[in-house]
Structures are given as structure tokens and as C-alpha cells.
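The values are calculated or read from the model by the stated rules, or taken from the named source; none is laboratory data. Given the structure is predicted, the values throughout are model-derived calculations rather than measurements. Here the Cβ positions follow ideal geometry from the backbone for every residue, glycine too, while neighbour counts run over all protein chains shown.
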């Protein structure tokens, strides 16, 4: 069964639809709730504002530790020396800010930064025991094709949800990578009784079809349908999802008990989204 990973972008800066004030006190409240629900993995990044620092301060004060997934800050350097210095400073800062001795999954945050110099230097940190696994955060199938050229990569983090099913076949056939799925609720745009699209007219028919399937599959709302969809893939190892408050956390815990869809139901979902997944610019959340 896939484990829930607490996404922490929203505790470090104003992210997605979340507009709450960022502070250590607010971060402490969310992290306490995560611990109470026995969630042990947190997903963060050096680019997520104060997220790493807030997590580290919380861990130090409470003498606890999380299993950490964090990411290399994107860069534009070309020279090997500059790349190495950037990686060194980022990893050491992350370990220091997180009050950690090891990073369980260290992800390259931008596919443009995937190259042999980066991988080789991350392997050095793996040998030192400061990184347990090397991974990458990607958005598209073309990104994945580039990843496959580097056999040293252990994990991939990908968007996957009712609308963006481009990785459907890759997940089903996966035998190599630890798979983290994110954006399972379209960064908060899949709600209980509505799905918010930025390209409304283009997606009206899809929304109608999903509404019909929700009823046909006997799911009480779109979040329930979403979780049943995600839970249908045995090769998904971790589900990354952010929380703003205890109510949201309780809801996700409840929805995490969703019954997986049947094979024929999965195929129906795949069929109605097939044409929309060809509109790569639309389903890419970076364009929302």
C-alpha cells in the first residue's frame, strides 16, 4: 500500500491555492498533526522558502526526526566546478536547516539540471552516507525518457491524477523506480463537488463525463474518486499531499481508505482522458 508523504511547500511559502500566513508557529501546528497521524515522510525543497528551516527547528525542539525527501535548487551553471559548488552548498544547507544527518531521497528539482556531472557528484554523497537515494522530479513523458539514460536514479516524482494520466502505462510497468506521485488533487483544484479548470470551455465535456463516472462507480465525491484511482496502482510507493489544517489531514486519512477501482473502471477513466492528455500544455500544472 502506498504511504502518505506530507508535502510541505505550503509551510514554507504561499503555495497553490493556500494563502495562509507563513510562520514557524503555523508550521509547528501542521507538523504536530502529521506526527499524530504517524506520517513519517516529509517532502520539501531548498526552493520552498522557509520549509526546510521550519522542519529542522521543529525537529530540534521536539527531539524527533522525519524521513526526508528534499530537492536540489535549480541552477543555470554550465561549468563543472560551479555545479559541484552549488550541489555542495545546497546539500550542506539542507542538512543543516533540516537538523538531519541523512537525506532519504535527494531529488533533482529541474530536468534541465540532469547531467553526468550532477549524477556523479550526488553519487559521492551517496557513498558518504549523506544521501540514501538519488531521484528526480519531472512533469512529462519526454522528461522520463531523459531520466532512463541515467541508471543511477533510484526514484521519480511525477504528477498523476484524474486529469493527467500520461504516466499510466509507465507506472503499471515499472520495476525499477521508487515512484512518488504528486498533484493528485490538481494542487487543490479537485474538490469534493467540483473540479476547477483554467480552460473551462475546453474541459466541460470531460467534467460531465467524470461526473457520470463518479455516480456509476458509486463514489460520493471527486476526492473519493481521485483516491480510488491512485490506490489502484500497486507500483505507486508514495503519495505526496500537502495539508493546511487538521481537518484536511483527517479527510485525507479517511479518503486513503478508499477502495481501488476495478480494472474495467480504470480503463473507462483512461479512455475518457486520453484525448485531453494529448494537450500537454493544458495538463501541465506549471501553466495553471
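Structural remarks
- Put simply, of 100, 47 the only residue that is surrounded by 13 or more Cβ atoms within 10 Å (Cβ to Cβ), in contact with a helix residue (DSSP H, G or I) (Cβ under 8 Å, 6 or more places away or on another chain) and on the phi < 0 side of the Ramachandran plot is 100.
- Of everything listed in (1) surrounded by fewer than 17 Cβ atoms within 10 Å (Cβ to Cβ); (2) closer than 29 Å to residue 144 by Cβ; (3) at pLDDT 95 or above, the single unmet condition for residue 78 is (3).
- Residue that is closer than 24 Å to residue 8 by Cα, over 15 Å from the mean Cα position of the chain (by Cα) and surrounded by fewer than 23 Cβ atoms within 10 Å (Cβ to Cβ), where the choices are 63, 94: 63
- Checking each residue in region 118-144 for being over 19 Å from the mean Cα position of the chain (by Cα) and more than 19 Å from residue 103 (Cα to Cα) picks out no residue at all.
- Region 220-237, residues that are buried (at least 20 other Cβ atoms within 10 Å of the Cβ) and within 14 Å of residue 192 (Cα to Cα): 222, 223, 225, 226, 227, 228
- Hits in region 1-21 (condition: crowded, with 17+ Cβ neighbours inside 10 Å and modelled with pLDDT of 85 or more): 2, 4, 5, 6, 7, 8, 9, 10, 11, 12
Every residue, every condition in (1) over 21 Å from the mean Cα position of the chain (by Cα); (2) assigned to a helix (DSSP H, G or I); (3) within 21 Å of residue 158 (Cβ to Cβ); (4) in contact (Cβ under 8 Å) with a residue 40 or more places away in the chain, yes or no:
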residue: 249; (1), (2), (3), (4): no, yes, no, yes
residue: 252; (1), (2), (3), (4): no, yes, yes, yes
residue: 257; (1), (2), (3), (4): no, no, no, no
residue: 261; (1), (2), (3), (4): yes, no, yes, yes
residue: 264; (1), (2), (3), (4): yes, yes, no, no
residue: 267; (1), (2), (3), (4): yes, yes, yes, no
residue: 272; (1), (2), (3), (4): yes, yes, yes, yes
residue: 281; (1), (2), (3), (4): no, yes, yes, no
residue: 286; (1), (2), (3), (4): no, yes, yes, yes
